[in-house]
Amino acid sequence: MINKLEKLIIATGNKGKFEELKAMLSGANKNFADEIIFAPEFAKQINIVEDGSSYEENAEIKARAWAEVSGLPCLADDSGLEVEALNNAPGIYSARIVDGDDNARNLWLLDKLKNFKDKSSRRARFAASLVLIFNNNKIIANGICEGYIAEKISGSNGFGYDPLFIPKGFDVTFADLSSEIKNKISHRALAVKNLLKNFKN
Ligand code: IMP
């Protein structure tokens, strides 16, 4: 079991991810870290080539890169959306499957699924891997959230594919849900829960 950390860098340039991870880690009953830092506020964004072949490998690349620059414990998330009808694409390429912004990627996904009409043919899941690097230790934690892809964009909370993803058991998208609810049921929430199992109360 690990004692709480003093400072922790969240190794991401994605503010949406940072806010979610910070809320989950700060809201946890466990005393995880005294100070949680957004990587670009610690140092100028560093150049990282995410050339791993899995979420886990990419998360480790990011966590190690920031740990080297900062000398501090670093936590990275690599995550993605897997759409069954697209052979689990975009997967590890979720952030860069098409040029442009989140909206461009959502429009790309709607177009790809235009001939898939019923709910079961639009099944998808979000997957997240967290890697924490500290004092030459590595902890890996994973989480998955099942659901399906909506037929139109809806909602303004969250980031990425949230306006298109309807989690199992709900009939609205992640972007329609409050952050409190998303942060209880999401792939990232489950990965954080698994990560925290390694820490003392
Ligand atoms: P990366 O892990 O930074 O390479 O990018 C993950 C990408 O997957 C994000 O940029 C989003 O497009 C997508 N993604 C991951 N988690 C979520 C989420 O919770 N909501 C919406 N999109 C997500």
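The values are calculated or read from the model by the stated rules, or taken from the named source; none is laboratory data. Note that the structure is predicted; figures quoted are calculated from it, not measured. Glycine gets a Cβ as well: all are built from the backbone with ideal geometry, and neighbour counts include every protein chain shown. For accessibility, only protein heavy atoms count, side chains too; no ligands or nucleic acids. Shrake-Rupley method; radii C 1.70, N 1.55, O 1.52, S 1.80 Å.
To keep it simple, each residue is scored yes or no on (1) polar (S, T, N, Q); (2) within 15 Å of the ligand (Cβ to nearest atom); (3) under 26 Å from residue 39 (Cα atoms).
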residue	(1), (2), (3)
129	yes, yes, yes
133	no, no, yes
139	no, no, yes
143	no, yes, yes
146	no, yes, no
152	no, no, no
160	no, yes, yes
Could you please give the count of residues in the range 180-201 that are under 20 Å from residue 56 (Cα atoms), open to solvent by 50 Å² or more (accessible area, probe 1.4 Å) and within 13 Å of the ligand (Cβ to nearest atom)? 1
I'm trying to understand the selection: among the residues of the range 1-23, which are among the hydrophobic types (A, V, I, L, M, F, W, C), surrounded by fewer than 22 Cβ atoms within 10 Å (Cβ to Cβ), touching a strand residue (DSSP E or B) at 6+ places or on another chain (Cβ under 9 Å) and assigned to a helix (DSSP H, G or I)? 18
Would you mind telling me which numbered condition in (1) surrounded by 17 or more Cβ atoms within 10 Å (Cβ to Cβ); (2) within 21 Å of residue 58 (Cα to Cα); (3) among the hydrophobic types (A, V, I, L, M, F, W, C); (4) more than 11 Å from the ligand (Cβ to nearest atom) residue 92 fails? (4)
For the range 40-56, indicate whether the set of residues that are under 12 Å from the mean Cα position of the chain (by Cα), touching a residue at least 12 places away in the same chain (Cβ under 8 Å), farther than 18 Å from residue 198 by Cβ and in a helix (DSSP H, G or I) is non-empty. yes
I'm checking my understanding of the structure. Among residues of the range 24-39 that are open to solvent by less than 30 Å² (accessible area, probe 1.4 Å) and in a loop (DSSP other than H, G, I, E, B), which one is nearest to residue 4 (Cα to Cα)? 32
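Only residues that are of a type in the set (S, T, N, Q), under 30 Å from residue 69 (Cα atoms) and surrounded by 12 or more Cβ atoms within 10 Å (Cβ to Cβ): list them for the range 99-146, please.
129, 142
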So is residue 84 at pLDDT 95 or above and within 15 Å of the chain's Cα centre (by Cα) or not? no
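Can you pull out every residue in the range 57-80 that is outside any helix (DSSP H, G or I) and either open to solvent by 50 Å² or more (accessible area, probe 1.4 Å) or away from the ligand (no atom under 12 Å from the Cβ) (or both)?
If the condition is that a residue be outside any helix (DSSP H, G or I) and either open to solvent by 50 Å² or more (accessible area, probe 1.4 Å) or away from the ligand (no atom under 12 Å from the Cβ) (or both), then 71, 72, 73, 74, 75 are the ones that fit.
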Strands (runs of 3 or more DSSP E) (entirely within the range 81-187) containing at least 2 residues that are touching a residue at least 24 places away in the same chain (Cβ under 8 Å) and touching a strand residue (DSSP E or B) at 6+ places or on another chain (Cβ under 7 Å): 123-134, 137-149
Could you check, for the range 29-36, whether at least one of its residues is touching a residue at least 40 places away in the same chain (Cβ under 8 Å), on the phi < 0 side of the Ramachandran plot and within 14 Å of the ligand (Cβ to nearest atom)? no
